[in-house]
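**Student:** Sending over a structure as structure tokens; questions will come in a sec.
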Amino acid sequence: MSGELAIDVTGLTKRFGEKTVVDDFAMQVPKGAIYGFLGPNGSGKTTTIRMMCGLLKPDGGGGTALGYDIVRESRTIKSRVGYMTQKFSLYGDLTVRENLTFMARLHALDNPGQHVAAALEEYELAPRANQLADTLSGGWKQRLALAAASMHSPGLLLLDEPTAGVDPKARRDFWDRIRGLARKGVTVLVSTHYMDEAVQCDFIAFIAYGRKLIDAPSGEIPERVGLITWRIEGRNLQPVYDALYHAPGVDQIARFGSALHVSGRDADALERAIAPYREREGLTVEPAKTGLEEAFIWLMTGSEDNFQ
Amino acid sequence: MTGFSRILAMIGKEFIQMLRDRLTFGMMVGIPVMQLLLFGYAINTDPRHLPTLVEMGDSGPASRAILQAMETSNYFDLAGITTSRAQTEAAMQQGDILFVVTIPPDFERDLLRGARPQILLDTDASDPVAAGAGTGAFPTLVQRALEPMLGEMTPPVETVIQRRYNPAGRTALNIVPGLLGVILTMTMAMMTSMALTREAERGTLETLLATPTRPYEVMIGKITPYILVGFIQVVIMLAGARYLFGVPFLGSPLAFLVSVSLFILVNLSLGFLFSTIARTQMQAMQMTFFVFLPSILLSGFMFPFAGMPAWAQMLGQALPTTHFIHAVRAIMLKGARLGDVAPDIWPLAAIFAAIATVAMLRYRRTLD
């Protein structure tokens with residue numbers, strides 16, 4: 001067991017009936033890091049997170065969260081880990097204050113009233129303290145859920161798509177808070193589908209069909225995927241797009257406003273594909289940095305071939 | 001015509017959803033079938049073959065003719081002949097028999113002398129419907145039985161009828177204690193199953209289980225309030241029974257408390273069991289109905305238990321409501337004590353143990 005790791009699991013496997021949902025999953029999350037957990041819907045992210053916080057027993061493998069065994073010491077983990085479910089799962093027919101008080105008491109905190117007051121203050125929920133949770137907007141619900149999940153000052157936060165369906169401003173606010181928590185030493189594992197959120201993570205693990213495909217510092221991901229990208233700019237790009245879509249050497253093509261990003265792993269083949277457009281009137285072709293989004297779409301496309 | 005095709009689309013979609021929800025579909029088919037079978041075969045509003053004890057003070061030909069006539073009438077089933085008053089009292093108290101016919105000593109002699117001897121019919125009128133038909137038929141039946149011997153004399157005997165426990169034959173006396181059983185079945189089982197299913201349906205169960213809260217703590221915490229609700233219902237019903245309908249409370253409060261507590265536990269565990277099967281509150285409610293319906297029809301609440309065929313009685317015996325209603329009627333109307341209702345307490349305890357065990361086993365499974 002390492003004191004440096006907030007999560008250290010290997011070989012995690014979970015089957016539901018015939019279906020293997022998580023397959024031989026390993027992950028090492030350093031303390032204080034914000035770790036992004038990405039992957040297509042149904043790839044096993046939620047199941048993995050549930051195993052890490054002691055809600056599900058793995059069928060194989062194991063490890064530790066905050067140094068506690070995820071199988072044998074799941075109750076200790078539950079009192080030290082904060083878990084925010086994908087769907088809002090506090091009580092809609094209780095007020096904000098009642099929900100927080102309930103959570104504080106479930107965690108058997110001393111002086112729950114004080115903790116609740118502190119949380120209301122910190123998350124600026126005080127003006128809404130007596131509002132029923134159901135009547136909050138999506139963004140405020142997420143904020144309440146985060147307040148509830150961190151009520152007991154957990155050392156590790158597991159956030160399962162916390163910002164799904166929340167407007168951009170509320171998402172930015174939410175991430176400010178996550179970074180604030182990380183600065184205080186809280187480790188955060190967060191699953192998301194948003195690229196603007198993924199780039200804010202220190203590390204990213206990508207999972208598809210229950211298997212981890214890549215796990216690296218977020219800045220290194222595009223490089224690891226090994227895609228080379230050219231940017232083609234100009235007017236009337238639709239014919240170019242259509243022509244290049246199935247061209248040999250082009251692994252992926254995407255529109256970015258008035259430009260196309262054409263990516264491929266084989267530099268020579270890619271060059272042959274785009275060569276005809278270099279000389280074309282009204283088009284400019286220049287090298288571009290492969291973005292996270294392109295890298296992930298590429299990973300998702302590839303994983304379908306591999307695992308479906 | 002686009003309106004029509006839209007309606008067709010709605011109809012098609014509705015059928016698909018109906019068939020997908022197997023429990024609802026099962027209910028749509030199951031409830032009518034169940035009602036049909038129960039009302040058609042099990043329920044008998046004119047019950048016959050009711051258990052009868054005869055206290056024979058005289059066994060001459062006249063007495064035997066009366067017994068013969070009672071049997072052929074189909075209203076009475078001779079459960080035994082006794083000379084012990086204590087035995088008949090106990091049997092009636094426990095609800096084993098509905099009628100006691102007492103033929104006094106020297107009945108034959110007095111009859112032949114034309115002294116108009118009395119023949120006594122004690123009926124358990126706590127269920128006026130069950131005893132009604134037999135009671136009504138009895139005087140004529142005796143008369144007819146004696147006709148061949150005595151010819152058409154003016155009434156040769158005086159039939160005295162004693163409606164025990166409910167001399168005025170008021171149905172409220174029978175219905176109100178029974179209602180206690182039906183209402184507790186309905187609300188306790190349904191409320192707990194829905195309250196527990198709600199946590200799973202809304203996802204709040206996951207929040208709970210992600211805290212150090214233990215499953216049994218969730219369980220006890222969720223169920224305890226409903227125990228209190230159950231007792232409040234009981235108090236309301238008892239007060240209503242007493243002050244609105246003048247239903248007496250003659251028996252032992254201890255016996256009542258034991259029966260009610262046990263019965264509330266049975267229904268809570270039933271609700272708990274349903275919640276481990278149902279995925280939505282709607283399903284939980286539907287499951288409750290499958291128990292609720294026979295609990296009304298086969299428990300002796302609405303229709304006389306003794307009037308049902310043997311198979312329906314056996315089915316009824318498996319329902320906790322049957323035992324509870326039986327016990328509570330005996331306690332309230334007949335002054336039964338704990339010992340008297342023991343034959344109903346044990347089955348309740350056994351049903352509770354069985355349901356609670358299955359529910360606990362299932363509850364553990366659903367966690368993973």
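Read the figures in this text as sums done on the coordinates, not as results from a lab. As the structure is a prediction and not an experimental result, all values here were calculated from the model. Using ideal geometry, Cβ is built from the backbone for each residue, glycine included, and neighbour counts are taken over all protein chains shown.
**Student:** State, to one decimal in nm, how far the label point of B:ARG144 lies from the label point of B:ILE81, with both points 7 Å from Cα in the Cβ direction.
**Tutor:** Using points 7 Å along Cα→Cβ, the separation is 2.2 nm.
**Student:** Taking the Cβ of each residue in B:THR135, B:THR24 as the centre, tally the other Cβ atoms inside 10 Å and list the residues starting with the fewest.
**Tutor:** Lowest count first: B:THR24, B:THR135.
**Student:** Sorting B:ASP127, B:ASP21 on the 10 Å Cβ count, fewest up front, what's the list?
**Tutor:** B:ASP21, B:ASP127
**Student:** Still on this structure, please answer the following. Report, in debye and to the nearest 20, how large the dipole of the protein assembly as shown comes out about its Cα centre when Lys and Arg carry +1 and Asp and Glu carry -1 on their Cβ.
**Tutor:** Once rounded to the nearest 20, the dipole reads 740 debye.
**Student:** Taking the stretch A:38-74, which trypsin sites (Lys or Arg not before Pro) meet the DSSP loop condition and have no more than 12 other C-beta atoms within 10 Å?
**Tutor:** Within the stretch A:38-74, the qualifying trypsin sites (Lys or Arg not before Pro) (loop, at most 12 other Cβ atoms within 10 Å) are A:ARG72.
**Student:** For every helix of n ≥ 4 consecutive DSSP H residues, a contribution of -39,500 (n - 2.57) applies; sum these over chain B, divide by its total residues, and give [θ] at 222 nm rounded to the nearest 500 deg cm²/dmol.
**Tutor:** -22000 deg cm²/dmol
**Student:** Compute the distance in nm between two label points, each set 7 Å from the Cα along the Cα-to-Cβ direction, one at B:THR45 and one at B:LEU254.
**Tutor:** Those two pseudo-labels are separated by 4.3 nm.
**Student:** Further question: With each run of n ≥ 4 DSSP H residues scored as -39500 (n - 2.57), what mean residue ellipticity at 222 nm is computed for chain A after dividing by its residue count and rounding to the nearest 500 deg cm²/dmol?
**Tutor:** -10500 deg cm²/dmol
**Student:** Near B:ARG164, within a Cβ-to-Cβ distance under 13 Å, what is the net charge of the other residues, with Lys and Arg +1 and Asp and Glu -1?
**Tutor:** -1
**Student:** Angle between the Cα long axis of helix B:215-243 and the longest principal axis of chain B, 0 to 90 degrees, nearest 10?
**Tutor:** For helix B:215-243, the angle is close to 40 degrees.
**Student:** Taking the Cα centre of the stretch B:1-156 as the origin and placing charges on Cβ (Lys, Arg +1; Asp, Glu -1), which of B:LEU67, B:THR52, B:THR2 is farthest toward the positive end of the dipole?
**Tutor:** Value computed over the given set: B:THR2.
**Student:** Another one. List the relative contact order of the stretch B:170-367 as a percent without decimals, with contacts defined as Cα pairs under 8 Å and 6+ residues apart.
**Tutor:** Across the stretch B:170-367, relative contact order equals 34 percent.
**Student:** Name the residues of the stretch B:117-145 whose amide N is less than 15 Å from a point 7 angstrom out from the Cα of B:GLN68 along the C-beta direction?
**Tutor:** B:142-145
**Student:** Please sort by residue number the trypsin sites (Lys or Arg not before Pro) in the stretch B:268-338 whose DSSP state is loop and whose Cβ has at most 13 other Cβ atoms within 10 Å.
**Tutor:** Listed in order of number, the matching sites are B:ARG279.
**Student:** Hey, what's the Cα Rg ratio for the protein assembly as shown versus the globular rule of thumb, 2.2 N^0.38 Å?
**Tutor:** Compared with the compact-globule rule of thumb, the protein assembly as shown sits at 1.45.
**Student:** Shifting gears a bit: Based on alpha-carbon positions alone, could you give the equivalent ellipsoid semi-axes of the stretch B:170-367 from the gyration tensor, as √(5λ), descending, whole Å?
**Tutor:** After scaling each eigenvalue by five and taking roots: 31, 18, 15 Å.
**Student:** If you build a Gaussian network model of chain B, linking Cα atoms that sit under 10 Å apart, which residue out of B:GLN17, B:GLN143, B:GLN68 swings the most?
**Tutor:** B:GLN17
**Student:** So which aspartates and glutamates pass the test for A:LYS87, namely a Cα distance under 15 Å, with those fewer than 8 places away in the same chain ruled out?
**Tutor:** A:ASP134, A:ASP160, A:GLU161, B:GLU199, B:GLU201, B:GLU206
**Student:** Relative contact order of chain B: what whole-number percent is it, with Cα pairs under 8 angstrom and at least 6 residues apart?
**Tutor:** 20 percent
**Student:** Right, something else. Give the share of C-alpha pairs in each 5 angstrom bin for the stretch A:5-221, from 0 to the last occupied bin, in whole percents, shortest bins first.
**Tutor:** Taking all Cα pairs of the stretch A:5-221, the binned fractions are 1, 7, 15, 19, 20, 16, 11, 7, 2, 0 percent.
**Student:** Once you average over the residues of A:71-79, how many Cβ atoms of partner chains fall within 10 Å of each Cβ?
**Tutor:** 2
**Student:** Toward the positive end of the charge dipole of chain A, about the Cα centre and with charges on Cβ (Lys, Arg +1; Asp, Glu -1), which of A:GLY155, A:SER43, A:THR20 goes farthest?
**Tutor:** Of the candidates, A:GLY155 comes out farthest on the positive side.
**Student:** Assigning unit charges at the beta carbon (Lys, Arg +1; Asp, Glu -1) and nothing else, what dipole magnitude in debye, to the nearest 20, does the stretch A:228-289 show about its Cα centre?
**Tutor:** The dipole magnitude comes to about 160 debye.
**Student:** Check every DSSP H run in chain A and write down those whose alpha carbon atoms cover 30 angstrom or more along the long axis and whose mean Kyte-Doolittle hydropathy is 1.6 or greater.
**Tutor:** Result, helices passing both filters: zero.
**Student:** Tilt of helix B:2-20 relative to the longest C-alpha principal axis of chain B, in degrees (0 to 90, nearest 10)?
**Tutor:** On a 0 to 90 degree scale, this one is about 70.
**Student:** Arrange B:LEU228, A:LEU283, A:LEU38 by Cβ neighbour counts within 10 Å, fewest through most, would you?
**Tutor:** Placing the least packed residue first, the sequence is B:LEU228, A:LEU283, A:LEU38.
**Student:** Further question: Would you mind checking the tilt of helix B:171-184 against the longest principal axis of the Cα atoms of chain B, expressed as 0 to 90 degrees and rounded to 10?
**Tutor:** Approximately 20 degrees, to the nearest 10.
**Student:** Apply the a/c threshold of 1.5 to the C-alpha gyration tensor of the stretch A:228-289 and tell me whether it is rounded, prolate or oblate.
**Tutor:** Note, shape of the stretch A:228-289 comes out rounded.
**Student:** Now for a separate question. Using alpha-carbon pairs under 8 Å, 6+ residues apart, how would you state the relative contact order of the stretch A:5-221 in percent?
**Tutor:** So the answer I get is 29 percent.
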